[in-house]
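Let me begin by presenting the structure, written as structure tokens, before commenting on it.
The values are calculated or read from the model by the stated rules, or taken from the named source; none is laboratory data. Nothing here was measured: the structure is a model prediction, and the numbers come from that model. A quick note on method: Cβ atoms are made from the backbone with ideal geometry, for glycine too, and the neighbour counts reach across all protein chains shown.
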Amino acid sequence: MRQSDAFAGPGVGVRHETNRDLGPADPRPYLTAKDTPAPRTKPDASDGPTHRAADVEGPSGEELLEKDKLHKSRIDELREELIENFDEVHDWAESIGDKFTQALDRPEPTGHYLQCRPRVVEAHPANPYGVDAGTGAAAMLATGLFVGEIARRTYRKAAELKERSNARYG
Amino acid sequence: MPVEVSDWHVDLVRTFLRQDDGKLKPMLGQMPRTYEVDGTGVLLWAAFVEATFRRFPDGNVADIIRFVAHVRIRRGRNAPPISPAAAEKLIISALTATEADGLTDLEKGQHIILLSELIEDEALTDAQLDAFLDVARTHAKHIAASL
Amino acid sequence: MPVTDDIVATVRAYLQAEQEEFQRLNAALDRSRDASIAYKAMIVASFIVAVQRKFSSQTSRDEIIDYVAAVRARGTDLPELLDPAASERMIASVFNEESTRDIAPRMKNDIQMFFATAIVNDEGLHGQDLEDFLAKARKLADDLIG
């Protein structure tokens, strides 16, 4: 069975870049007019006879497990999980109510909005910002994070240089 | 002893946000070796609060989710990982002045990374960054006064 | 005990986002041990088949992050119900060997149901296509039950 890793290494996958041909770059390239599913990575039914719904009748469950690379260790774990908490599945389903309908993609996503506090500058009796002595406001923690970011930026610059060099020299 | 937010603290945060790592490295050596709250930490949090307000003026949760995903994708696998749930909670905490519950201390520090990402997206000029830091410093002084 | 027609009908109802039908069928299901295990198996299998339809072993981490974020952004309750890291791991685990034992059972149920529903509807599966999908999931569920 081929070893597979859904998390491919760096350099593979979707790159989120603004389309600069359209004028000033949108500083928020991740926003889209509507929710759109992630790009397909498999052929769909419209791609011809290689992926037909009729194929479903052929393979057995066992063959499906092997064909689609469900690893044996995962199969074993899934089987064990079936007998855990099975008695809660009906109550869980009842508790869902109509929430599962939210998973549908709608043309105009409704989203929801936080009740943001007013942006006041005056001091409040209680600290309004949620900062306490342990919240990452500590100097040592900031130092550690700065070091991490310096390392990341260094790596990124090196990767960009290598990419440019590869593009130039092939 | 009251926490002070000095010119040096502002310069440190400016240098970090400008991604001037050549200048930043020696400055790190001058940072206090303490787990107490100090001017850098307070200023970083205040700057993060200001940056999130500018970026999410409506407090739209879907925008926050998409932003965090965008940042994680942009940073790639070789960057210090961001916990997406923690990142969302921190942004919400900043916008609503509520405690970000259930986070480890390391996760709470992620606002520093998020601040860097927010400012990178804004692509501010030097003057705009200075103006931003002026506002953040004002917020920071008020935080410091309430500690 | 293999998956029954009633269980398939219940899962079909939630995949089609038919809330009242789903609740009606769910309430009427056999609650014996074996029937409950079969129900769980069908929920798990529907999720696996849906993920296998939309993604593959070549899918990048970035695409999974993107899709999970897109789905979580769709509804008011989803950001809290669907932990992003757990959702990403469960989708990826269909193609890798990573254990998901540490994810709470309820969270797993939520992730399996919501993402199966999202994918089925995003892929536009209706009519015969949906029946073929359910048949495939049923075979997988029966094999998991053993």
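For the stretch C:50-65, filtering for residues that are part of a loop (DSSP other than H, G, I, E, B) and among the acidic types (Asp, Glu) leaves 0. Taking residues in the stretch B:120-135 that are within 18 Å of residue B:74 (Cβ to Cβ), and partners anywhere that are modelled with pLDDT under 95, the pairs with Cβ atoms closer than 7 Å and at least 6 places apart or on different chains are B:121/A:27; B:121/A:28; B:122/A:27; B:123/A:27.
I'm checking my understanding of the structure. Among residues of the stretch C:106-131 that are without any contact (Cβ under 8 Å) to a residue 12 or more places away in the chain and in a helix (DSSP H, G or I), which one is surrounded by the fewest Cβ atoms within 10 Å (Cβ to Cβ)? Among those residues, the one meeting the criterion is C:127. Annotation: residue B:77 fulfils all but one of (1) surrounded by 21 or more Cβ atoms within 10 Å (Cβ to Cβ); (2) at the interface with another protein chain (Cβ under 8 Å from one of its Cβ atoms); (3) not small (Gly, Ala, Ser); the unmet one is (1).
A residue that is in a helix (DSSP H, G or I), among the small types (Gly, Ala, Ser) and more than 7 Å from every other protein chain (Cβ to nearest Cβ) cannot be found anywhere in the stretch C:66-81. Of all residues in the stretch C:1-17, exactly one satisfies the criterion of being hydroxyl-bearing (Ser, Thr, Tyr) and modelled with pLDDT under 95, namely C:14.
Of everything in the stretch B:31-65 that is polar (S, T, N, Q) and touching a helix residue (DSSP H, G or I) at 6+ places or on another chain (Cβ under 8 Å), the residue that is surrounded by the most Cβ atoms within 10 Å (Cβ to Cβ) is B:40. Looking across A:94, A:62, A:160, one residue alone is in a helix (DSSP H, G or I), more than 30 Å from residue B:140 (Cβ to Cβ), at pLDDT 85 or above and within 7 Å of another protein chain (Cβ to nearest Cβ). It is A:94.
Do we have residue B:116 as at the interface with chain A (Cβ under 8 Å from one of its Cβ atoms), among the polar types (S, T, N, Q), within 23 Å of residue A:112 (Cα to Cα) and in a helix (DSSP H, G or I) here? Criteria not met by residue B:116.
Scanning for something of a type in the set (Gly, Ala, Ser) and within 18 Å of residue A:147 (Cβ to Cβ), does the stretch B:58-68 turn up at least one residue?
Of the residues in the stretch B:58-68, the ones of a type in the set (Gly, Ala, Ser) are B:59, B:62.
So of that shortlist, the ones also within 18 Å of residue A:147 (Cβ to Cβ) come out as none.
Taking every residue of the stretch B:58-68 in turn, none turns out to be of a type in the set (Gly, Ala, Ser) and within 18 Å of residue A:147 (Cβ to Cβ).
What do you reckon, is residue C:46 closer than 17 Å to residue B:68 by Cβ, more than 7 Å from chain A (Cβ to nearest Cβ), in a helix (DSSP H, G or I) and polar (S, T, N, Q)? Spelling it out, it is not the case that residue C:46 is closer than 17 Å to residue B:68 by Cβ, more than 7 Å from chain A (Cβ to nearest Cβ), in a helix (DSSP H, G or I) and polar (S, T, N, Q).
All of (1) more than 8 Å from chain A (Cβ to nearest Cβ); (2) in contact with a helix residue (DSSP H, G or I) (Cβ under 6 Å, 6 or more places away or on another chain); (3) of a type in the set (A, V, I, L, M, F, W, C) hold for residue C:135 with one exception: (1). When you look at residue B:55, is it over 18 Å from residue B:109 (Cβ atoms), free of Cβ contacts under 8 Å to residues at least 12 places away in the same chain and either within 7 Å of another protein chain (Cβ to nearest Cβ) or charged (D, E, K, R) (or both), yes or no? The answer is no for residue B:55.
Is it the case that some residue within the stretch B:133-147 is at pLDDT 90 or above and touching a Lys or Arg at 6+ places or on another chain (Cβ under 8 Å)? Checked against the condition, which is being at pLDDT 90 or above and touching a Lys or Arg at 6+ places or on another chain (Cβ under 8 Å), the stretch B:133-147 yields at least one hit. Residue B:70 falls short on exactly one of the conditions (1) within 19 Å of residue B:49 (Cβ to Cβ); (2) at pLDDT 95 or above, and that condition is (1). I'd like the full set of residues that are modelled with pLDDT under 80, touching a helix residue (DSSP H, G or I) at 6+ places or on another chain (Cβ under 9 Å) and either among the polar types (S, T, N, Q) or surrounded by fewer than 14 Cβ atoms within 10 Å (Cβ to Cβ) (or both), limited to the stretch A:100-111. A:110 - this is the single residue of the stretch A:100-111 that is modelled with pLDDT under 80, touching a helix residue (DSSP H, G or I) at 6+ places or on another chain (Cβ under 9 Å) and either among the polar types (S, T, N, Q) or surrounded by fewer than 14 Cβ atoms within 10 Å (Cβ to Cβ) (or both).
Every residue, every condition in (1) at positive phi; (2) under 13 Å from the mean Cα position of the chain (by Cα), yes or no:
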site: B:16; (1), (2): no, yes
site: B:21; (1), (2): no, no
site: B:50; (1), (2): no, yes
site: B:67; (1), (2): no, no
site: B:71; (1), (2): no, no
site: B:97; (1), (2): yes, no
